[in-house]
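All remarks here apply to the structure that follows.
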Amino acid sequence: MGDLDQNEVEVPRFFVCPISLEMMKDPVTLSTGITYDRDSIENWLFSRKNDVCPVTKQVVVDIELTPNHTLRRLIQSWCTLNASSGVERFPTPRPPISKTQIIKLLKDSKSPHHQIKSLNRLKSIVLESEKNKRLMESVGAADYLSTIISSSMMTSSSQQVFTGAEETALCVLYHLKLSPTGLKSLFGKTGDFVETLTRVIQRADGYESHAYAVMLLKSMFEVAEPMQVTSLNPKFFTELVRILIDQISQKATKATLKLLISVCPWGRNRIKAVEAGVVPVLIEALLESSEKRVSEMITMVLVQVCQSADGRAEVVKHGGGLAVVSRMIFGVSPVASERAVRILHSVTMFSGNTRVLQEMLELGVVEKLLLVLQVDCGRKMKEKAMEILKIHSRVWNKSPCITYNLI
């Protein structure tokens with residue numbers, strides 16, 4: 001309000017926003033009948049993710065905000081009348097996007113003549129604000145977008161390309177950041193949307209489309225039902241492994257690892273992942289990884305796949321498997337150390353043949369396990385290390401590499 005002297009001019013009470021307690025620049029009325037300044041109520045509802053009216057405490061069902069043009073004009077007129085007291089007149093705000101406009105754009109996005117233009121406009125709208133994301137979700141944008149993506153992937157031909165229109169639709173769908181309810185609905189909207197996104201990963205040329213597809217899958221499986229997780233196609237895991245191999249982006253890699261962590265414990269998924277070749281890829285990634293969080297996620301996936309005989313066999317078969325897992329103990333973080341001991345526990349308890357036990361001696365793994373017992377670390381980690389040493393102490397005590405009796 002510029003250099004307004006509060007002692008000379010008193011702002012009318014109904015010009016003041018109930019949230020910011022400042023004069024409203026762009027008054028809008030909520031479905032509960034209370035008027036707020038647009039920035040304040042949008043921040044309350046969309047950035048801070050509240051779902052009630054700050055004044056009435058009623059649940060906000062309709063998130064569309066209605067511009068209070070009459071009040072805005074009154075405020076602007078009052079500012080003009082009090083200009084001599086240092087009151088600055090607020091400019092007329094740019095009209096926000098409306099439900100009607102979004103619905104028209106969504107309908108046009110299905111028309112070959114208007115598709116690209118409409119999708120690009122939807123992309124700019126969704127990237128503009130949290131409010132626009134929620135508004136688009138409320139009018140069923142996910143339905144339109146998922147249908148556009150699925151229609152291009154319906155053919156089983158691997159020659160079917162993922163075009164610019166579908167790429168933009170996927171970009172918009174990902175950036176919608178759908179609510180849990182919206183994510184759950186994707187599973188059943190257009191047949192098997194998981195299969196659709198799997199085909200996108202397989203066929204898309206741009207690395208962004210791969211990343212959006214896997215990150216959207218990660219979000220979907222965070223809210224999925226058990227039946228949806230246990231019925232995954234082996235191709236799903238093949239494409240996830242390919243993303244890890246291609247290393248298209250750090251975001252895609254992290255999303256893929258999180259996705260594997262969430263789905264591997266269910267049904268035969270860990271076996272499907274192993275058959276897709278995930279173990280050697282993870283071990284190679286662990287050898288190259290320089291980021292703590294990535295290393296922690298990789299070790300978690302290995303913990304899960306090592307609960308299957310095939311997974312343990314792959315770790316043992318890999319020339320650097322036991323070595324790189326052993327290197328994680330006290331090498332990255334307490335979390336990675338604990339998970340590395342869990343992996344070794346699975347291997348030695350169920351796949352600890354003579355060759356494996358000898359390799360663990362030669363690599364210094366046994367000494368690492370002894371060190372675990374001596375330093376300050378988690379109780380469960382110590383218990384697993386102690387159990388490994390107890391079970392195989394007879395074998396290891398015979399070795400000239402061990403100069404004192406194990407437990």
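The values are calculated or read from the model by the stated rules, or taken from the named source; none is laboratory data. Since we're looking at a predicted model, the values are computed, not measured. Cβ sites come from the backbone with ideal geometry, for glycine too, and all protein chains shown count toward neighbours.
Quick rundown of the values:
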item	result
Test: residue in region 331-340 that is in a loop (DSSP other than H, G, I, E, B), free of Cβ contacts under 8 Å to residues at least 12 places away in the same chain and within 31 Å of the chain's Cα centre (by Cα)	yes
Verdict on residue 40 being among the polar types (S, T, N, Q) and within 22 Å of residue 17 (Cβ to Cβ)	yes
Where residue 342 falls short, out of the listed (1) at pLDDT below 85; (2) of a type outside the set (Asp, Glu); (3) within 21 Å of residue 306 (Cα to Cα)	(1)
Test: residue in region 177-186 that is within 27 Å of residue 295 (Cα to Cα) and either surrounded by 23 or more Cβ atoms within 10 Å (Cβ to Cβ) or out of contact with any strand residue (DSSP E or B) (no Cβ under 9 Å at 6 or more places or on another chain) (or both)	yes
In region 3-25, residue modelled with the lowest pLDDT [restricted to those that are assigned to a loop (DSSP other than H, G, I, E, B) and out of contact with any Ser or Thr (no Cβ under 9 Å at 6 or more places or on another chain)]	6
Test set (1) in contact with a helix residue (DSSP H, G or I) (Cβ under 6 Å, 6 or more places away or on another chain); (2) part of a helix (DSSP H, G or I); (3) at pLDDT below 90 - residue 248 fails condition number	(2)
Residue match in region 235-257 (condition: out of contact with any Cys (no Cβ under 8 Å at 6 or more places or on another chain) and more than 23 Å from residue 284 (Cβ to Cβ))	no
Counted residues, region 230-260 - those being more than 14 Å from the chain's Cα centre (by Cα), buried (at least 18 other Cβ atoms within 10 Å of the Cβ) and of a type outside the set (S, T, N, Q)	9
Test: residue in region 310-332 that is buried (at least 20 other Cβ atoms within 10 Å of the Cβ), more than 15 Å from residue 283 (Cβ to Cβ) and of a type outside the set (Val, Ile, Thr)	no
Pairs, first over 14 Å from residue 360 (Cβ atoms) in region 303-325, second outside any helix (DSSP H, G or I), C-beta under 7 Å, six or more apart	304/264; 304/265; 305/264
Considering residues of region 75-113 that are in contact with a helix residue (DSSP H, G or I) (Cβ under 6 Å, 6 or more places away or on another chain) and closer than 30 Å to residue 140 by Cβ only, the residue surrounded by the most Cβ atoms within 10 Å (Cβ to Cβ)	109
Matching residues, region 191-236, being in contact with an Asp or Glu (Cβ under 7 Å, 6 or more places away or on another chain) and either touching a residue at least 60 places away in the same chain (Cβ under 8 Å) or assigned to a helix (DSSP H, G or I) (or both)	198, 201, 202, 209, 234
Those residues of region 375-407 which are among the β-branched types (Val, Ile, Thr) and modelled with pLDDT of 80 or more, in sequence order	375, 388, 391
Exclusive hit being of a type in the set (D, E, K, R) and either on the phi > 0 side of the Ramachandran plot or touching a Leu at 6+ places or on another chain (Cβ under 8 Å) (or both), set 123, 131, 104	131
Residue within region 360-379 that is over 22 Å from residue 286 (Cβ atoms), in the same structural domain as residue 287 (by TED's automatic domain parsing) and surrounded by 20 or more Cβ atoms within 10 Å (Cβ to Cβ) present	no
Test for residue 261: is it assigned to a helix (DSSP H, G or I) and either touching a Gly at 6+ places or on another chain (Cβ under 7 Å) or touching a residue at least 60 places away in the same chain (Cβ under 8 Å) (or both)	no
Qualifying positions in region 114-144 - surrounded by fewer than 21 Cβ atoms within 10 Å (Cβ to Cβ), more than 25 Å from the chain's Cα centre (by Cα) and either in the same structural domain as residue 31 (by TED's automatic domain parsing) or in a helix (DSSP H, G or I) (or both)	115, 116, 117
